[in-house]
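> Dumping the structure here so I can ask a few things about it.
The values are calculated or read from the model by the stated rules, or taken from the named source; none is laboratory data. These numbers were taken from a predicted model, which means no experiment stands behind them. Here Cβ is always computed from backbone atoms with ideal geometry, including for glycine, and neighbour counts include all displayed protein chains. Keep in mind that these areas ignore ligands, DNA and RNA; they rest on the heavy atoms of the full protein, side chains included. Shrake-Rupley method; radii C 1.70, N 1.55, O 1.52, S 1.80 Å.
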Amino acid sequence: MATRKTSAGDTTTGGPATPPIKKSARTAVEAAKPADKAREPEESPEERVYRTLYDGILDRRLAPGTKLKEIPLAQAFGVTRGVVRKTLARLATAKVVTLRSQHGASAAPALRWRKSARSSRPGG
C-alpha cells in the first residue's frame, strides 16, 4: 500500500499510488483554448468544440495547415467522434477548416481566410 498526502495535508494509505502523467507535446486543442475566456455552462458540447476551434483558428493559435484529428479532439473535449465530425463539417462550411477525403481535416490555409469571417463569427 502506498502512503499519500491529501489536499488538507493529512496522510492516508490506500491502493497503489497513481503514477504522474507525462507531459506530452502541445496538442491542437491546448493551442486552440483561449487562456482567459470562460464558457457559459449551458453551452452544448458541440457548440463548445465549435467555438473553441473557430476562435483558435481565427486568432491563429492554430497555425494554418494544423491537422485536426478526430480521436485526440474527442478525447480532449470529452465528446464523441460524431460531435467532432459534425463540428469539423460546420467549420468547413465557414471556410476555416479544410476537409480532404482520406486525409482528414486541417486549419485552412491563410489565403482562404476571409476578413468577413471574423465579423460573421457566431455569438460575437
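> Residue by residue through the stretch 49-84, note down the ones that are open to solvent by 70 Å² or more (accessible area, probe 1.4 Å) and assigned to a helix (DSSP H, G or I).
Residues satisfying the conditions are 71, 75, 81.
To keep it simple, each residue is scored yes or no on (1) of a type in the set (Gly, Ala, Ser); (2) modelled with pLDDT under 85.
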| site | (1), (2) |
| --- | --- |
| 25 | yes, yes |
| 51 | no, no |
| 78 | yes, no |
| 82 | yes, no |
| 91 | no, no |
| 94 | yes, no |
| 97 | no, no |
| 101 | yes, no |
| 118 | no, yes |
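> I'd like the residue in the stretch 90-110 that is closer than 14 Å to residue 68 by Cα, part of a loop (DSSP other than H, G, I, E, B) and in contact (Cβ under 8 Å) with a residue 24 or more places away in the chain and, out of all such residues, is most open to solvent (accessible area, probe 1.4 Å). Please lay out each step first, then the result.
Initially, the stretch 90-110 is screened for residues closer than 14 Å to residue 68 by Cα, giving 90-92, 96-109.
Next, from what is left, pick out any that are part of a loop (DSSP other than H, G, I, E, B): 96, 101-103, 108-109.
From what is left, the residues that are in contact (Cβ under 8 Å) with a residue 24 or more places away in the chain are 96, 108-109.
On the way: 96: 1, 108: 1, 109: 63 Å².
Among those that are closer than 14 Å to residue 68 by Cα, part of a loop (DSSP other than H, G, I, E, B) and in contact (Cβ under 8 Å) with a residue 24 or more places away in the chain, it is 109.
> Residue 87: in contact with a Leu (Cβ under 7 Å, 6 or more places away or on another chain), part of a helix (DSSP H, G or I) and either under 20 Å from residue 108 (Cβ atoms) or without any contact (Cβ under 8 Å) to a residue 12 or more places away in the chain (or both), yes or no? Spell out the reasoning first.
Numbers: in contact with a Leu (Cβ under 7 Å, 6 or more places away or on another chain): yes; part of a helix (DSSP H, G or I): yes; either under 20 Å from residue 108 (Cβ atoms) or without any contact (Cβ under 8 Å) to a residue 12 or more places away in the chain (or both): yes.
Taking the combined requirement at face value, the residue satisfies it.
> While we're here: Test each condition in (1) of a type in the set (Val, Ile, Thr); (2) touching a strand residue (DSSP E or B) at 6+ places or on another chain (Cβ under 9 Å); (3) modelled with pLDDT under 55 for residue 21 and report the one that comes out false.
Residue 21 satisfies every listed condition except (2).
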